[in-house]
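*Asks:* Have a look at the structure that comes next, please.
Laboratory data are not the source of any read-out in this text; all were calculated from the coordinates shown. Here the structure is a predicted model, which is why all the values come from computation and not from measurement. Using ideal geometry, Cβ is built from the backbone for each residue, glycine included, and neighbour counts are taken over all protein chains shown.
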Amino acid sequence: MTTGVPESEPAARADDRLRDQDEMIRRGRIAMGVTGEQNTESLRHALKRHNLGLYPVIALGLLAFADGFQGLVTGIMAPEIGRTLGIGPSGMVLIGLLKSLALAASAAVFAAIAGRWAIRGFLAIATGFGWTLITLLTGFVRTPTQYAAVNFIDGATSGTVATVHLPLLLDHYPPDMRNRVTSIRTGFLIVAGLLAPLSVTALVFYFHLTWRGVSVVLGLFSLLICFFAIGLRDPGFGRWDTKKVREAVHEVDGGDVQPESEVVDPSLGFFEASRRLWLIPSVRKALVATIIGAAGGVPAATYFTYYLADRWGLDVAARGLFATFAGVITVLVLPVAAKVGDRLYSLDPAKIIRVMVILQLASVALGVVALLSPVYAVLVVCYSLAGALPQAFAPAFSTTLMNIIPSKLRSHFVALVLIMGAGVGGVLGALLSSGLNDRFGLTGTLLLMYIPGVIAILILNSIRKDINADLDSNVRAVIEREELASLRASGTRPPLLSCRGVDFSYGPVQVLFNVDFTVDDGEMVALLGTNGAGKSTLLSVISGLNLPTAGTVRLDGADITYIDAERRVPMGISQVIGGRAVFGPLSVAENLRLYGYSLGRQRREIDSRVDEAFEAFPRLAERRNQLAAALSGGEQQMLGLSQALILRPRLLCIDELSLGLAPKVVGELLEMVRRINARGTAVVLVEQSATVALSLVDHAYFMERGEMRFDGPAAELAARDDLLRSVFLHGVGKTLGGGA
């Protein structure tokens, strides 16, 4: 029996390969910054060792500062703007909502662009000039419609700050210093929050500017920052992690690093990338925690403003000073948290999660004490610490999560966090908090808002057991891709289809376990097994109807694991589902013509291909205008097979060809399968009937309970009574010249 290792390969060589894989993963983790030792190198020395400067982080930090600063100032002056333009409070709220929606929508768009092309530096600069122009124009608007329009465009151009800046920053710096440089960028955002109210006070009360003048000053200030940032460039995806892992692979195998162009994977669309990220356990839990945490945090921020005004009688200036004090504490704590974060990540990423959970729990405790305290000074200190501690450590937490994500998908992750938090979580929070103030008062409502927060913290804590495995999965994917590039460079062509280490689960029930499965170009293979063995599930993973929870699916070496099923059809993958291969309410001719929509630019050939199908199946030609539902079972299978003649796929997956059919009909269908295969189409035949399958193919696989138990010549499988007993039909041995 074969178990994933070719029989011609000696066991010692297989052991060497496993050891090499382990060593590659170990070195890959080191390349990702997880050395197992406490990193104590200063940022200055680390920058000097890698021959790097601080320009990228300063430029991106200033751009984020300008965007955040402008938004805060506009928010502070909203009443004056509304009075001038004749917009009431509700109208200003709607315009703010419009801006938020534009921000969320543009985040998804910019994430898709940033994940496909390495032009993130250009995007950051171009959108910076975009919101700068909008800020200048804000000072000249005359109507509510114009003001709504500039806010919409402002939100749309600000989408890069969330989705592009952080992934771009991470690719500029190695993993062992990312927490510190990310903290520097976070510091710019916090300083923007500190300076915004002070700047408004100075410009209005000392320079006597109206909100129009303030907008012009802000625009000119932002313009200077954009010119400073004009030197930003995109260093490429994974410059300091993916590339270093690739180098680590060849330190083990002794080969040369291959150009990236050797393997070109199809780009994922936004929803494909989102599904891909959702399948990473740590990311999935973080997104769920984001939704639940935002459900409490978003409404709490609004209620707390009213709490300060009603409970403590603070006016706008006093509330501004309160926020300033909290910001100052965060800025002071940031350098310490950044240094600790880099040290802990180098030692063990799970420790980052643990510290973040502890700080979040401490934040909840401090917040409760602050709300219940009758002393204002206690409120200020406790609430400021409650916000500062987790915020200061947030860069370490976010960069740790980003390191387990493929470099091209990091912008998608940030966009999802924004959508889940500000969108889903914010709406959920508004619904949950509705009416609480009338029933429990401001203090009681704020205390209740900590309940979702505690639930979110518990979810975050569960990431600790997944984070290292997810990091290894990211490393393993790079290793597999680099090994494939080396094979291509050596002149070895990869299989047409390659499934490697595939796991799949229906909810909590795992169905496939570490399945390896390959099909060569033009090959015809049988996939056998008992009912419930996972055969049809594996076909659904190959065709894209289901996504694996682990492992990869490659077509000609290109990773298609998370590509939608409809995109796999033009790539050359088609599937015939036993008993469900036709559209019953349509006629035979309409069923065939329907596949023409998948031909794209070759759609003009549909008539000739339909005629070809009718020539191959004269019985279908006689019933061309008959509804498919009225056909016999055999005729429906013929119609299903005809799609292969229409689409001419490179790989045809047939599930249960002979299900419920007479032997004569099965024979006709088998002949058609042979003809399809003879034209160069590779065929995967899933069958309950071993007689049918093994009489047709030379290569066979056998599955049992979701695992691949056999991979080899069909004649050898026919001789394996221990495997085939449950599906073996009399005559298999006779068909292949073997014993039954």
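*Asks:* Per residue of the range 215-229, what does 6.51 cos²θ - 1.76 cosθ + 1.60 with θ = phi - 60° give for ³J(HN,Hα)? Whole Hz please, x for Gly and Pro, Karplus curve as stated.
*Replies:* Listing the rounded values in order: 4, 5, 4, 4, x, 5, 4, 5, 4, 4, 5, 4, 5, 5, 7 Hz.
*Asks:* Rounded to the nearest 0.05, what FRET efficiency is calculated for residue 716 and residue 626 with R0 set to 41 Å and r the Cβ-Cβ distance?
*Replies:* 0.40
*Asks:* Please state, to two decimals, what the Cα-based radius of gyration of the range 94-246 comes to when divided by 2.2 N^0.38 Å (N = residues). Walk me through the intermediate numbers first.
*Replies:* Values: Rg = 17.4 Å, N = 153, 2.2 N^0.38 = 14.9 Å.
Against the compact-globule rule of thumb, the ratio is 1.17.
*Asks:* Remind me, what semi-axes does the range 496-736 give for its equivalent ellipsoid, largest first in whole Å, using sqrt of 5 times each Cα gyration tensor eigenvalue?
*Replies:* 28, 22, 16
*Asks:* What lysines does residue 664 reach when the alpha-carbon gap must be under 29 Å and sequence neighbours fewer than 8 apart in one chain are set aside?
*Replies:* 535, 734
*Asks:* Here's a follow-up. How would 454, 414, 252 line up from fewest to most surrounding beta-carbon atoms within 10 angstrom?
*Replies:* Going from sparsest to densest Cβ surroundings: 454, 252, 414.
*Asks:* What ³J(HN,Hα) values, in whole Hz, does the Karplus curve 6.51 cos²θ - 1.76 cosθ + 1.60 give for the range 383-393 when θ = phi - 60°, with x put for Gly and Pro?
*Replies:* 5, 5, 5, 4, x, 6, 4, x, 5, 5, 8
*Asks:* Could you list which residues have their amide H under 5 Å from that of residue 587, counting only those 5 or more apart in sequence or on another chain, with H placed in the peptide plane?
*Replies:* Close amide H contacts, sequence-distant or interchain: 628.
*Asks:* Within straight cross-link reach of residue 244, meaning Cα distance under 26 Å, which lysines are found once same-chain residues fewer than 8 apart are removed?
*Replies:* 48, 339, 351, 408, 465
*Asks:* Taking the Cα centroid of the range 639-697 and of the range 98-172, what is the distance between the two, rounded to the nearest whole Å?
*Replies:* When both Cα centres are located, 53 Å separates them.
*Asks:* Sticking with this one: Give me the dipole magnitude in Debye, nearest 20, for the chain about the Cα centre, with unit charges on the beta carbon: positive for Lys and Arg, negative for Asp and Glu.
*Replies:* Magnitude of the dipole: close to 1980 debye.
*Asks:* Among residues other than residue 322 whose Cβ falls under 15 Å from its Cβ, what is the net charge (Lys/Arg +1, Asp/Glu -1)?
*Replies:* 0
*Asks:* If each of residue 55 and residue 201 carries a label point 7 Å out from its Cα toward its Cβ, how far apart are those two points in nm?
*Replies:* According to this spin-label approximation, the distance is 3.7 nm.
*Asks:* I would also like to ask the following. Give the separation of the Cα centroids, the range 448-473 to the range 379-441, in Å.
*Replies:* One Cα centre to the other: 13 Å.
*Asks:* Based on the Cβ-Cβ distance from residue 377 to residue 454, what FRET efficiency comes out when R0 is 22 Å, to the nearest 0.05?
*Replies:* For residue 377 and residue 454, the calculated efficiency is 0.25.
*Asks:* Can you give the longest stretch of the chain with no exposed loop site, where a site means GluC sites (Glu not before Pro) in a DSSP loop (not H, G, I, E or B) with at most 12 other C-beta atoms within 10 Å?
*Replies:* Answer from the scan: 38-740.
*Asks:* Round to the nearest 10 and give me the degree value, 0 to 90, for the angle of helix 89-116's Cα axis relative to the longest principal axis of the chain.
*Replies:* Result, in degrees: 40.
*Asks:* Please list, in chain and number order, the residues 5+ apart from residue 527 or on another chain whose amide H is under 5 Å from its amide H, with Hs placed from the backbone.
*Replies:* 685, 686, 687, 701
*Asks:* Separate question: For Rg/Rh (Cα atoms, Kirkwood Rh), one of (1) 1.12; (2) 0.96; (3) 1.05 was computed from the structure I shared and the rest are decoys. Which label?
*Replies:* Given (1) 1.12; (2) 0.96; (3) 1.05, the calculated one carries the label (3).
*Asks:* In deg cm²/dmol and to the nearest 500, what is the mean residue ellipticity at 222 nm of the chain if only DSSP H runs of at least 4 residues count, each as -39500 (n - 2.57), divided by the residue total?
*Replies:* Details: 33 runs with 465 residues, N = 740.
It comes out at -20500 deg cm²/dmol, rounded to the nearest 500.
*Asks:* Using each residue's phi in the range 555-571, evaluate 6.51 cos²θ - 1.76 cosθ + 1.60 at θ = phi - 60° and report the 3J(HN,Hα) Karplus result to the nearest Hz, with x for Gly and Pro.
*Replies:* 10, 6, x, 7, 6, 10, 3, 10, 6, 4, 4, 5, 7, 6, 4, x, 6
*Asks:* Moving on. Give me the extension gain from residue 503 to residue 447: residue separation times 0.36 nm, minus the current Cα-Cα distance, reported in nm with one decimal.
*Replies:* 15.9 nm
*Asks:* Still on this structure: Just want the ordering: 240, 117, from fewest to most Cβ atoms lying within 10 Å of their own Cβ.
*Replies:* Exposure proxy ranking, most exposed first: 117, 240.
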